[in-house]
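One structure is given below, encoded as structure tokens.
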Amino acid sequence: MATLIRSKLSNKLSNAATTVSNKSQAKVSGMFARMGFQAATNEEALGFVACDDLDYDHRQGMQMDILATDEMGGEGSGEGGGLDGDSHYQRDGTGPPRSASKDGGPEDELSEARPKITAWEAGWNVTNAIQGMFVLGLPYAILHGGYLGLFLIIFAAVVCCYTGKILIACLYEEDEDGQLVRVRDSYVDIANACCAPRFPSLGGHIVNVAQIIELVMTCILYVVVSGNLMYNSFPTMPISQKSWAVIATAALLPCAFLKNLKSVSKFSLLCTMAHFVINVLVIAYCLSRARDWAWDKVKFYIDVKKFPISIGIIVFSYTSQIFLPSLEGNMQKPSEFHCMMNWTHIAACILKGLFALVAYLTWADATKEVITDNLPSTIRAVVNLFLVAKALLSYPLPFFAAVEVLEKSFFQDGGRASFPDCYGGDGRIKSWGLGLRCILVVFTLLMAIFVPHFALLMGLTGSLTGAGLCFLLPSLFHLRLLWRKLLWHQVFFDVAIFVIGGICSISGFIHSMEGLIEAFRYNIQE
């Protein structure tokens, strides 16, 4: 009897210790999930914050399932069985069997609390990423590319749709039963898996650097476009474009004090709808002048010096790959991801092509870098003021994302951090950390002052990071991780995309840099 009692006590103590250990692991994992940031890129990233919050909530939901399983499973959860749900997330939206709940209460509440989005909601996020205000630079790309520019708008849509799909394919591997299992969560995870085992973190560093460059360049573009629009809206006022950029940056300084984006993200839908109305107004004005369209100006020739910049502009307008893994992981039916990518990119291709062509036909050789500057003065000021408001309200999104990536990489990376933590024990940011944020805001201003050219900066960003994140890396990762399972035509497509993307990236980068250096020298001399 004593032996039996001792055995039961020992089993209970062992199970209790295991439960406490699993809970601790879940809490620690949840803490790191809170610290982990899936930065998304560009403005366009009105979906930045939404996707990252979904990704965080999704991981937290997984950890809550672990806690619930441990509490309900009792002795049966000894060998970490509750951890299966964290990695075995199936492509069709199904996972391992969940623990049955007697009253259905806690389990149902957890299921409802875990955010899952439909294919339409996911498509809305992707549309926000590829149908933003940088579409205003596409008519300028047609100016230097003619019909070839229109072809590139279609070609970029097809390639970006394809690379988005193969990037998601890299998140999955087959298990022993031949079922696809989600084993990775982000772009960084894919990059690290490709560089393992020799350089297990090199790929993640490369992706993070590309993210930071694209996010900061996006912030610079917002300042440039704000100064440009205000200057052209009120040309009679004795205020230069640089001075307008300074005024815009002064309004953006409070971004350095942001703790989260809840207050800012409320304006995202409003900004998107306002931009949609502006696009409709521009197209309506162009259609009203359809009799004067200059069809003879659209030719098959290209401007060799400026067309590579146009390639970067077009590619930059389609960048969304960086947050697709997070988005797909939070869909109710991940099997609908491919269909969602198809209709979003088809719609984007049609709308961008029509907008660029109609606007160019209206103003032909007089087409400016930002197409709204071509509008009559009677309506230009109103339209541009809306665009400036949208730019200023959108600036905090990529700025906060860049700050998060920088802080996590250099200040909050545990023992591997290069610098001390910029947050105190009470969670408040230290004064020198706040100073670094202000320096980042001022840096975007300085770049906007010395290189106030919207098309050049957009082309450089698209050629450098846009082509890398949308063309080069997805095709390279796909070949590296899944080359044994690929058919010959898939290998051909991946290699062709890598080569074409590399050529476009190098040529666009070289010509953009030449233009930026000339512009920088000119502004220094002034």
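Can you tell me which residue within segment 167-199, out of those that are out of contact with any Pro (no Cβ under 7 Å at 6 or more places or on another chain) and in a helix (DSSP H, G or I), is most open to solvent (accessible area, probe 1.4 Å)?
Selected residue: ASP189.
For the subset of segment 490-504 comprising residues that are among the small types (Gly, Ala, Ser) and in contact with a helix residue (DSSP H, G or I) (Cβ under 7 Å, 6 or more places away or on another chain), which member is surrounded by the fewest Cβ atoms within 10 Å (Cβ to Cβ)?
My answer is GLY502.
Given the criterion surrounded by fewer than 20 Cβ atoms within 10 Å (Cβ to Cβ), out of contact with any Cys (no Cβ under 9 Å at 6 or more places or on another chain) and under 20 Å from TYR172 (Cβ atoms), identify the matching residue among LEU487, LEU516, LEU482.
LEU487
Residue check: is VAL126 under 19 Å from the mean Cα position of the chain (by Cα), part of a helix (DSSP H, G or I) and farther than 30 Å from CYS438 by Cβ?
Spelling it out, VAL126 is indeed under 19 Å from the mean Cα position of the chain (by Cα), part of a helix (DSSP H, G or I) and farther than 30 Å from CYS438 by Cβ.
Just checking, which of GLU369, GLU328 is under 22 Å from LEU221 (Cβ atoms), touching a residue at least 12 places away in the same chain (Cβ under 8 Å) and buried (at least 19 other Cβ atoms within 10 Å of the Cβ)?
Answer to the selection: GLU369.
Listed here are the residues, each with its yes/no results for (1) touching a residue at least 24 places away in the same chain (Cβ under 8 Å); (2) crowded, with 24+ Cβ neighbours inside 10 Å.
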{"residue": "LYS116", "(1), (2)": "yes, no"}
{"residue": "ALA122", "(1), (2)": "yes, yes"}
{"residue": "ASN125", "(1), (2)": "yes, yes"}
{"residue": "GLY149", "(1), (2)": "yes, yes"}
{"residue": "LEU152", "(1), (2)": "yes, no"}
{"residue": "PHE155", "(1), (2)": "no, no"}
{"residue": "CYS160", "(1), (2)": "yes, yes"}
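Can you name the number of the only condition in (1) part of a helix (DSSP H, G or I); (2) open to solvent by less than 50 Å² (accessible area, probe 1.4 Å) that ILE239 fails?
For ILE239, the exception is condition (1).
Filter segment 372-396 down to residues that are open to solvent by less than 10 Å² (accessible area, probe 1.4 Å) and not in a helix (DSSP H, G or I) and give me whichever is modelled with the highest pLDDT.
LEU375
Matching residues to (1) among the polar types (S, T, N, Q); (2) under 25 Å from HIS345 (Cα atoms); (3) within 24 Å of the chain's Cα centre (by Cα); (4) not in a helix (DSSP H, G or I):
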residue	(1), (2), (3), (4)
CYS438	no, no, yes, no
MET447	no, no, yes, no
GLY462	no, yes, yes, no
ALA467	no, yes, yes, no
SER475	yes, yes, yes, no
VAL491	no, yes, no, no
VAL495	no, yes, no, no
GLY502	no, yes, yes, no
ILE510	no, no, no, no
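Among (1) among the basic types (Lys, Arg); (2) more than 22 Å from the chain's Cα centre (by Cα); (3) assigned to a helix (DSSP H, G or I); (4) modelled with pLDDT under 85, there is one condition LYS305 misses while meeting the rest; what is its number?
(3)
The values are calculated or read from the model by the stated rules, or taken from the named source; none is laboratory data. For clarity, every value in this text was computed on a predicted model and none was experimentally measured. FYI the Cβ positions are ideal-geometry reconstructions off the backbone, even for glycines, and counts take in every protein chain you see. The protein model used for the area step is the full one, side chains on, heavy atoms only, and it has no ligands, DNA or RNA in it. Shrake-Rupley method; radii C 1.70, N 1.55, O 1.52, S 1.80 Å.
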